[in-house]
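Presented below is the structure to which this report refers.
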Amino acid sequence: MGPTFYEFIMRYANEGAKDPMSRLANEISEDIAFPKQSCDFDELSNYLEKTSQYSKMLTIFDDAWQQYQYTS
């Protein structure tokens, strides 16, 4: 089995970066409630939709998920 989505997105975490993937990764890295063990799109998508800090990042998540699926 490949990495979880959390493990995948943490490759993009970078405090100084302003690109969309890094912005999403930085938000997730600071979110202690993020479902780190999940590999399920619906679970992750529902969590992000219900958490206001991600409201402007949902399309970034969709793009990140596509890359995650491709590389996993």
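If I filter region 13-37 down to residues being in contact (Cβ under 8 Å) with a residue 24 or more places away in the chain and not hydrophobic (A, V, I, L, M, F, W, C), which single residue comes out as most open to solvent (accessible area, probe 1.4 Å)?
Q37
Restricting attention to region 38-57, which residues are over 19 Å from G2 (Cβ atoms), in contact (Cβ under 8 Å) with a residue 12 or more places away in the chain and surrounded by 12 or more Cβ atoms within 10 Å (Cβ to Cβ)?
Once the filter is applied, which keeps residues that are over 19 Å from G2 (Cβ atoms), in contact (Cβ under 8 Å) with a residue 12 or more places away in the chain and surrounded by 12 or more Cβ atoms within 10 Å (Cβ to Cβ), region 38-57 yields Y47, L48, T51, Y54, M57.
The values are calculated or read from the model by the stated rules, or taken from the named source; none is laboratory data. These numbers were taken from a predicted model, which means no experiment stands behind them. Cβ sites come from the backbone with ideal geometry, for glycine too, and all protein chains shown count toward neighbours. These accessible areas exclude ligands, DNA and RNA; they are computed on the full protein's heavy atoms, side chains included. Shrake-Rupley method; radii C 1.70, N 1.55, O 1.52, S 1.80 Å.
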